[in-house]
Amino acid sequence: MPINHETNHDLLEVVRRRAPTYLDTSPRSERVLAAMERVDRALFLPPDQRRWAYHDEPVPIGHGQTCSEPSMVAFMLDKLDLQPGQRVLEIGTGCGYAAAIGALLIAPGGTFYGIERISELAQQARQNLAGLRDRVVIIEGDGSRGLPSQAPFDRILVSAGVEGKERPRLEATLLAQLILGGILVYPESHGNLYVVVKDPGGTQRNTYYGVSFVPLVSDSP
């Protein structure tokens, strides 16, 4: 069957079909897919890139950054298990596409905090998410230390790749900002994606191999 790339619905059908062979064998949550269908990806992309909006692939958004592949966004949001009323932190918000979907999943009553270090992208994300300003807060800054001023969070998502030597420090920093039972999802720049659940006795972890992300950049020495 030919794949159409003309509408957001076409994109979601591709994401749905790919799910059983995408990093694991699980179908995507229908809650996540329904939220994604409500968020038109084209509106989050630069005008000269919108022709690729409904393709299931990363799209450049400027400054060396990308709007992640929708199948990857769906996978990470699914593993976060977002629920109404939760407090969520995303590091590396970029254009705000994942934040928009996440904000729908935590309504009513939730708050989604997004950190973006590139000023122009943070400003663009605020514009893109203006209709969700009652539940999304975009902060310009270095997300490699989390957001301790607003902790604890129910869920934390890192939408940029962590270099191997930085992984233990970042994971410990972010787990300290999670509630017990909270979930952290983060990828390496090239390699694994980790889903970590914070338990009273430590952590439970699932590892998924085969991801590639723009590296997370820290302004700290």
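One table, with the values for the structure above:
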{"quantity": "Search result, residues across region 72-123 that are of a type in the set (Ser, Thr, Tyr) and under 10 Å from the mean Cα position of the chain (by Cα)", "calculated": "Thr93, Tyr97"}
{"quantity": "Single unsatisfied condition, Cys95 versus (1) open to solvent by 30 Å² or more (accessible area, probe 1.4 Å); (2) over 22 Å from Val196 (Cα atoms); (3) in a loop (DSSP other than H, G, I, E, B)", "calculated": "(1)"}
{"quantity": "Single match in Asp40, Asp10 (criterion: out of contact with any Lys or Arg (no Cβ under 9 Å at 6 or more places or on another chain) and either surrounded by 21 or more Cβ atoms within 10 Å (Cβ to Cβ) or over 26 Å from Leu121 (Cβ atoms) (or both))", "calculated": "Asp10"}
{"quantity": "Leading residue by the ranking (surrounded by the most Cβ atoms within 10 Å (Cβ to Cβ)) among those in region 188-221 that are assigned to a strand (DSSP E or B), touching a residue at least 40 places away in the same chain (Cβ under 8 Å) and within 15 Å of the chain's Cα centre (by Cα)", "calculated": "Leu193"}
{"quantity": "Some residue of region 2-12 being closer than 28 Å to Gly182 by Cα and modelled with pLDDT of 95 or more", "calculated": "yes"}
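Conditions tested, residue by residue: (1) among the β-branched types (Val, Ile, Thr); (2) buried (at least 17 other Cβ atoms within 10 Å of the Cβ).
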site	(1), (2)
Thr25	yes, no
Arg31	no, no
Leu45	no, yes
Gln65	no, yes
Met76	no, yes
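The values are calculated or read from the model by the stated rules, or taken from the named source; none is laboratory data. Computed from a predicted structure; not experimentally measured. Counting neighbours? That spans all protein chains shown, and the Cβs are built from the backbone with ideal geometry, glycine included. We work out accessible area using only protein heavy atoms, side chains counted, and drop any ligands, DNA or RNA first. Shrake-Rupley method; radii C 1.70, N 1.55, O 1.52, S 1.80 Å.
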